[in-house]
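What follows is a set of notes on a single structure, which appears directly below.
The values are calculated or read from the model by the stated rules, or taken from the named source; none is laboratory data. Just so it is clear, the model here is predicted, and its values are computed rather than measured. Methodologically, a virtual Cβ is constructed for each residue, glycine included, from the backbone with ideal geometry; neighbour enumeration extends over all protein chains shown.
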């Protein structure tokens, strides 16, 4: 879920190349950089929560990561729409569709990342539901008598 890093670096680089380096723009760069670093630190901590929760099969920790993932996905999607709108505005009004391929590439990369994160969150939700239902799927493979059975447990 390193969307924050991707989006922050993209915006910072774009402003760096377009800016004339006035004092106000330097302050803007520092503010954006500090927001990106803060978001990255939060993301690393929550990712560690996910790793521990998945290793220990703790549905509460997985649910924390799931809720964080949903919230960050919505926020990053909205920020992506703003960045994409700025890019279209720049190309349409300032540059004039000479670099339409850049707009298409940005849309494709953003859509791909969105689809991947939705898939990841659906897999995490599936694991949470499985752990909360206490469903155990066991394969027993004895040479003479192979079996597969499923036990349904009760929620704790």
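Could you go through the stretch 134-153 and let me know if any residue there is exposed (fewer than 14 other Cβ atoms within 10 Å of the Cβ), at pLDDT 70 or above, outside any strand (DSSP E or B) and within 25 Å of the chain's Cα centre (by Cα). Spell out how you get there, then give the answer.
Our first condition is that a residue be exposed (fewer than 14 other Cβ atoms within 10 Å of the Cβ); within the stretch 134-153, this holds for 134-153.
Next, from what is left, pick out any that are at pLDDT 70 or above: 134.
In the following step, the residues that additionally are outside any strand (DSSP E or B) were identified as 134.
With within 25 Å of the chain's Cα centre (by Cα) added as a condition, the list becomes none.
There is no residue in the stretch 134-153 that is exposed (fewer than 14 other Cβ atoms within 10 Å of the Cβ), at pLDDT 70 or above, outside any strand (DSSP E or B) and within 25 Å of the chain's Cα centre (by Cα).
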One residue is enough: does the stretch 51-72 have a residue meeting the conditions modelled with pLDDT under 80, under 27 Å from residue 123 (Cβ atoms) and assigned to a helix (DSSP H, G or I)? no
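For residues that are closer than 17 Å to residue 57 by Cα and surrounded by 13 or more Cβ atoms within 10 Å (Cβ to Cβ), tally how many sit in the stretch 108-131.
8
Could you run through the stretch 62-86 and say how many residues are crowded, with 18+ Cβ neighbours inside 10 Å and either more than 19 Å from residue 35 (Cα to Cα) or in contact with a strand residue (DSSP E or B) (Cβ under 6 Å, 6 or more places away or on another chain) (or both)? Don't jump to the end; show me each part of the working.
Just the residues of the stretch 62-86 that are crowded, with 18+ Cβ neighbours inside 10 Å, to begin with: 62, 65-66, 68-69, 72-73, 76, 80.
Filter once more, keeping what is either more than 19 Å from residue 35 (Cα to Cα) or in contact with a strand residue (DSSP E or B) (Cβ under 6 Å, 6 or more places away or on another chain) (or both): 62, 65-66.
So the answer is 3.
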